[in-house]
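Student: Okay, here's the structure, questions in a sec.
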Amino acid sequence: MNGPVLGMLVPCRDEARVIERKLANLARVDWPRAERPHRVVVVDDGSQDGTAAVAERAIARFFLGRSDVEVRVVANTGAPGKASAIARGLAELGSDPELVVLTDADVILERAALVELADAFRREPRLGMACGAQRFVRELGDDGDAHASLADDSGLYDRWTAAVRRFESRSGRLFSVHGQMLAWRRALALAPTPGLAADDIELRMQARARGARIELVAAARFVEVKAPEGEGRRDQELRRARAYVQCVESPHVARLAARGGALDRLHFACYRRVPLLAPWVVLAALVVAPLAALAVAATRPGGASAGAEWAIPEWAGAATLGAAVLGLELLLAISPLGRRLARLFAVIVRATRAERREPLSGTWRTARR
């Protein structure tokens, strides 16, 4: 049975180090059987490192003579930025593709990822948007092969957020879609809004406002290397957090959320408020918990004064209990989980403050290795 024709977009800026690997990977993976050729458009968004030339050579090397996939490189002729690059790619795809697949230059796909993605849309007519499942590894070779022996580099936070995504997918309301491998039906006529850095979430909000189901396809996996520890990773984390804050606080995105049902509005409200309030709620709890323990222990019924309804405060016991609670908090703070949460909360606070001072631009920079 023939599947849908895919139209893939690979927006790029200064990706000369990884674009050849990306195209080698796309030549390796299985493409769904279709009546017409699939299309891949590499959109160069004003690169200064020769990305377009590297991509052209890679296309000649890996796709020469292929009849099932057509690949081309085009320049972004609009305003600089990822949203404009995506719009340029959408215009270049033409009318043939039934599914649009947006993917980043620095990730590679597992062999069956595109087939699994297309099958998910074929099985569920209500499915309007779907993303692949993320797999973090320590390093990637230059051959574009996403083999199973690559060393895993996922952490506790990655596994927890993956579980949340799987849970949300059951109801067709996945929120934090993976823009590194994101597909939607062309008939939805989605296009990113300039000025918003989190184009994936904004596209998700558009799809949901049209009543589409949004899911994660667990069998459609993409592989990604985390930015190296140090300043590069910290900058990437801050930028992604700022993009998230910018998106959820955008009046445009709020209007899209308002077009959904009550559950969709509640869902968006949780994602809009809970992450931004979490650092302050946790900080307040850490301050209040020892004080509350001290107060409870100091006013326990019974004690040294015979016949009195309330005892004279037992300061020694109260202080011990308060110190015990404080000690538990300190143990949590120095544990790997505590340090990870502290780092996450610090990024959220910094991102919120930075975004309210000056909005993030629509361009992007990513640490590569």
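Student: Under a 10 Å cutoff between Cα atoms, tell me which one of Val115, Val18, Val288 has the largest fluctuation in the Gaussian network model of the chain.
Tutor: Maximum among the listed residues: Val288.
Student: Ranking Trp184, Trp160 by Cβ neighbours within 10 Å, fewest first, what do you get?
Tutor: In increasing order of surrounding Cβ atoms, one gets Trp160, Trp184.
Student: Considering only the chain, what is the antiparallel percent among its DSSP beta bridges, to the nearest 5?
Tutor: Roughly 30 percent of the DSSP beta bridges within the chain come out antiparallel.
Student: As a test of the formula, what do you get for the chain when each DSSP H run with n ≥ 4 contributes -39,500 (n - 2.57) and the sum is divided by the residue count, at 222 nm and rounded to the nearest 500 deg cm²/dmol?
Tutor: Values: 11 runs with 175 residues, N = 369.
My calculation for the chain gives -15500 deg cm²/dmol from helical runs alone.
Student: Report, by chain and number, residues whose modeled amide H sits under 5 Å from the one on Ser47, excluding near sequence neighbours (fewer than 5 apart, same chain).
Tutor: It is Asp14, by chain and number.
Student: For a quick check: with amide H placed at 1.01 Å from N, whose amide H comes under 5 Å from Asp153's, ignoring anything fewer than 5 positions away on the same chain?
Tutor: Counting only residues 5 or more places away or on other chains, the set is Phe136, Val137, Arg138.
Student: Given springs between every Cα pair under 10 Å in a Gaussian network model of the chain, which of Val274, Val41, Val217 has the largest fluctuation?
Tutor: Val274
Student: Which one, (1) 17; (2) 25; (3) 34, gives percent of Cα pairs over 39 Å apart as derived from the coordinates shown?
Tutor: It is the value labelled (2).
Student: Calculate how steeply helix 315-334 sits against the longest principal axis of the alpha-carbon atoms of the chain, using the helix alpha-carbon long axis, and give the answer as 0 to 90 degrees to the nearest 10.
Tutor: 10 degrees
Student: Ranking request for peptides 243-250, 136-143, 26-33: highest mean number of other beta-carbon atoms within 10 Å first, then the rest in descending order.
Tutor: 243-250, 26-33, 136-143
Student: Rounded to whole Å, give me the distance from the Cα center of the stretch 70-98 to that of the stretch 144-170.
Tutor: Result: 29 Å between the Cα centres.
Student: Can you give the net charge of the other residues whose Cβ lies under 9 Å from the Cβ of Ala351, counting K and R as +1 and D and E as -1?
Tutor: On the way: positive: Arg239, Arg240, Arg242, Arg350, Arg353; negative: Glu237, Glu355.
After counting each charged neighbour, the total is +3.
Student: Ordered by residue, what ³J(HN,Hα) values in Hz, to whole numbers, does the stretch 108-118 give under the Karplus form 6.51 cos²θ - 1.76 cosθ + 1.60, where θ = phi - 60° and Gly and Pro are x?
Tutor: 10, 9, 5, 4, 9, 4, 5, 5, 4, 5, 5
Student: While we're on this one: With an 8 Å Cα cut-off and a minimum separation of 6 or more residues, compute the relative contact order for the stretch 84-232 in percent.
Tutor: It comes to 42 percent, rounded to a whole number.
Student: Let's test the formula: R0 of 35 Å, r as the Cβ-Cβ distance of Asp158 and Gln48. What FRET efficiency results, to the nearest 0.05? Intermediate results must be reported in sequence, preceding the final value.
Tutor: Numbers: r = 32 Å, r/R0 = 0.92.
Efficiency, rounded to the nearest 0.05: 0.60.
Student: Kindly express, to the nearest 10 degrees and within the range 0 to 90, the angle between helix 82-93's C-alpha long axis and the longest C-alpha principal axis of the chain.
Tutor: Around 30 degrees separate the two axes.
Student: Go through the stretch 15-29 residue by residue and turn each phi into a ³J(HN,Hα) via Karplus (6.51, -1.76, 1.60, θ = phi - 60°); whole Hz please, and just put x for glycine and proline.
Tutor: Karplus values, whole Hz, x for Gly and Pro: 10, 4, 6, 10, 5, 5, 4, 4, 5, 4, 5, 5, 6, 7, 6.
Student: Once you list every other residue whose beta carbon is under 13 Å from the beta carbon of Phe63, what net charge do they have if Lys and Arg are +1 and Asp and Glu are -1?
Tutor: Neighbour charge sum, excluding Phe63 itself: +3.
Student: A further question follows. For Ala75, list long-range residues whose amide hydrogen, built 1.01 Å from N in the peptide plane, is under 5 Å from its own amide hydrogen.
Tutor: The answer is Asp44.
Student: Quick one: check the C-alpha center-to-center distance for the stretch 1-37 versus the stretch 203-275, whole angstrom.
Tutor: For the stretch 1-37 versus the stretch 203-275, the Cα centre distance is 24 Å.
Student: What FRET efficiency do you get for Arg33 and Ala219 if R0 is 22 Å and r is their Cβ-Cβ distance, rounded to the nearest 0.05?
Tutor: Approximately 0.80, to the nearest 0.05.
Student: Also, I was wondering about something else. Counting alpha carbon pairs within less than 8 Å and at least 6 residues apart, what relative contact order, in whole percent, applies to the chain?
Tutor: 17 percent
Student: Residue separation times 0.36 nm, minus the C-alpha to C-alpha distance between Leu337 and Ala191: what's the value?
Tutor: This chain segment gains 48.7 nm when fully extended.
Student: Roughly how tilted is helix 336-357, in degrees to the nearest 10 and between 0 and 90, from the longest Cα axis of the chain?
Tutor: Orientation of helix 336-357: about 70 degrees from the principal axis.
Student: From the residues Gly144, Trp160, Gly211, which one has its Cα farthest along the dipole of the stretch 99-219 in the positive direction, the dipole being from +1 and -1 charges on Cβ of Lys/Arg and Asp/Glu about the Cα centre?
Tutor: Positive-end residue among those listed: Gly211.
Student: Take Arg170, project a point 7 Å from its Cα along the Cβ direction, then tell me which residues of the stretch 103-130 have their backbone nitrogen under 12 Å from it.
Tutor: Once the point is set 7 Å along Cα→Cβ of Arg170, nothing inside the stretch 103-130 turns out to lie under 12 Å by backbone N.
A short reminder: the numbers here are calculations on the coordinates, not readings from a lab. Keep in mind that this is a model prediction, so the values were computed, not measured. Every residue, glycine among them, receives a Cβ derived from its backbone with ideal geometry; neighbour counts consider all protein chains shown.
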